[in-house]
Amino acid sequence: MAGLGRVYVETLSTHANWRPQLEEILASSSSTARVALVGVGHPMRGDDYVGSFITKTLMRGIRVGSVMLFDAEDRIEFMVSKVAACNPKHVILIDACEMNRSPGEVALLPLAETEYPFFTTHGIPLKLLASKLIPNAETWILGIQPERMEFNGSLSPAVLAAANSVSNFIQSALKEREANA
């Protein structure tokens, strides 16, 4: 896993509660309070691809105007300006994150509570990008613990299961929200 940024969090109290927190954020979306889901990950680096995989899956299954989907792949630096132009209230970066957990574990954390060291898989740390380019949005990271990051690898079974779980959860939450609107 060389090169993968580590997420250090003072408290992982949000670790087990990602579903209710994510549901609350998605439910808060409206025409004046948009939510941007941004998938991040290199398509040729195994589990690093998980964020991009999730957004690609969602793009095939949902259409909700107040929740915007962006697939940054490994070019997050270029996608952030497009996200900022939409003036979202919440931005959720979906990415593989080293959290010293079991492969496939998911956590939803405020980006402000994370600390990226100098070396990450991204040219510029996500925290720095978000604070400089999307300062008015509440930015979150939906992190998935990777198992393997080698080139030409596919998603590991545990991370693929987590990706499908996250995708299904988001699709279900948005369909329910739309049905109740």
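The values are calculated or read from the model by the stated rules, or taken from the named source; none is laboratory data. This is a predicted model, so every value here is computed, not measured. Backbone-built Cβ (ideal geometry, glycine too); neighbour counts: all protein chains shown.
Taking only pairs six or more apart or across chains, which ones have beta-carbon atoms under 7 Å, a first residue in the stretch 79-95 that is at pLDDT 85 or above, and a second residue that is assigned to a strand (DSSP E or B) and surrounded by fewer than 19 Cβ atoms within 10 Å (Cβ to Cβ)?
So the pair list comes out as Cys86/Met68; Pro88/Met68; Lys89/Glu138; His90/Glu138.
Of all residues in the stretch 96-131 being of a type in the set (Ser, Thr, Tyr) and either surrounded by fewer than 20 Cβ atoms within 10 Å (Cβ to Cβ) or part of a loop (DSSP other than H, G, I, E, B) (or both), which is modelled with the lowest pLDDT?
Thr120
Pull out all pairs, ordered by first then second residue, where Cβ-Cβ is under 7 Å, the residues are six or more apart or on different chains, the first lies in the stretch 66-77 and is within 12 Å of Val38 (Cβ to Cβ) and assigned to a strand (DSSP E or B), and the second is of a type in the set (Lys, Arg) and at pLDDT 80 or above.
From the stretch 66-77, the pairs are Met68/Arg34; Phe70/Lys82; Asp71/Lys56.
Enumerate the pairs (first residue in the stretch 138-159 and surrounded by fewer than 24 Cβ atoms within 10 Å (Cβ to Cβ); second residue anywhere and of a type in the set (Lys, Arg) and not in a strand (DSSP E or B)) with beta-carbon separation below 7 Å, excluding pairs fewer than 6 apart on the same chain, so at least 6 apart or on different chains.
Once the first residue is surrounded by fewer than 24 Cβ atoms within 10 Å (Cβ to Cβ) and sits in the stretch 138-159, its partners that are of a type in the set (Lys, Arg) and not in a strand (DSSP E or B) give Glu138/Lys89; Gln145/Arg101; Ser156/Arg148.
Would you please list the contacts, defined by Cβ atoms under 7 Å and residues six or more apart or on different chains, that run from a residue in the stretch 38-59 that is more than 13 Å from Asp74 (Cα to Cα) to a residue that is in a helix (DSSP H, G or I)?
Every condition considered, the pairs that remain are Ile54/Ala163; Ile54/Val166; Ile54/Ser167; Thr57/Ser167; Leu58/Ser167; Leu58/Ile170; Leu58/Gln171.
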